[in-house]
1. Among the residues that make up the range 56-65, is at least one of them out of contact with any Leu (no Cβ under 9 Å at 6 or more places or on another chain) and modelled with pLDDT under 95?
2. Hey, any hits in the range 79-92 for a residue that's out of contact with any Pro (no Cβ under 8 Å at 6 or more places or on another chain) and among the basic types (Lys, Arg)?
3. Can you find even one residue in the range 24-41 that is modelled with pLDDT under 95, more than 12 Å from the chain's Cα centre (by Cα) and under 18 Å from residue 89 (Cβ atoms)?
4. Can you confirm whether the range 84-98 contains a residue that is modelled with pLDDT under 95 and open to solvent by 50 Å² or more (accessible area, probe 1.4 Å)?
5. Return yes when residue 98 is of a type in the set (A, V, I, L, M) and within 17 Å of residue 12 (Cβ to Cβ) and no when it is not.
Amino acid sequence: QVQLVESGGGLVQPGGSLRLSCVASGSIFSIYAMAWYRQAPGNERELVARITRGDSPNYAGSVKGRFTISRDNAKNTVYLQMNNLKPEDTAVYYCNVLPYIGAKPYWGQGTQVTVSS
């Protein structure tokens, strides 16, 4: 079994910053891809950013230039640095981990990010 624990969400004013973290533990020895998704009320879950081994990260157009995804392979951890946050960034953010291509992906429980004055 694999467990994902997210942290770092909260309430922030427009223009502010937050850093999300997600630690993967359990029966996992290497991770091919790590990603962050988000889901706002009434909307479908959408990809925010994704990073794979040996490849450049990719971002949703709405966050490009403001968000940065990174990973620490030694710690099985993925981060999402979110700068210049906007009210439309308000959502539950979910961590997603793919151990290898074709594997079942794992999801975190989600962490709430609220951008409001």
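1. Taking every residue of the range 56-65 in turn, at least one turns out to be out of contact with any Leu (no Cβ under 9 Å at 6 or more places or on another chain) and modelled with pLDDT under 95.
2. No; the residues of the range 79-92 include none that is out of contact with any Pro (no Cβ under 8 Å at 6 or more places or on another chain) and among the basic types (Lys, Arg).
3. Yes.
4. no
5. Details: of a type in the set (A, V, I, L, M): yes; within 17 Å of residue 12 (Cβ to Cβ): no.
It is false that residue 98 is of a type in the set (A, V, I, L, M) and within 17 Å of residue 12 (Cβ to Cβ).
The values are calculated or read from the model by the stated rules, or taken from the named source; none is laboratory data. This is a predicted model, so every value here is computed, not measured. Cβ coordinates were reconstructed from backbone atoms using ideal geometry, including for glycine residues, and neighbour counts include every protein chain displayed. Side chains included, ligands, DNA and RNA excluded: accessible areas come from the protein's heavy atoms. Shrake-Rupley method; radii C 1.70, N 1.55, O 1.52, S 1.80 Å.
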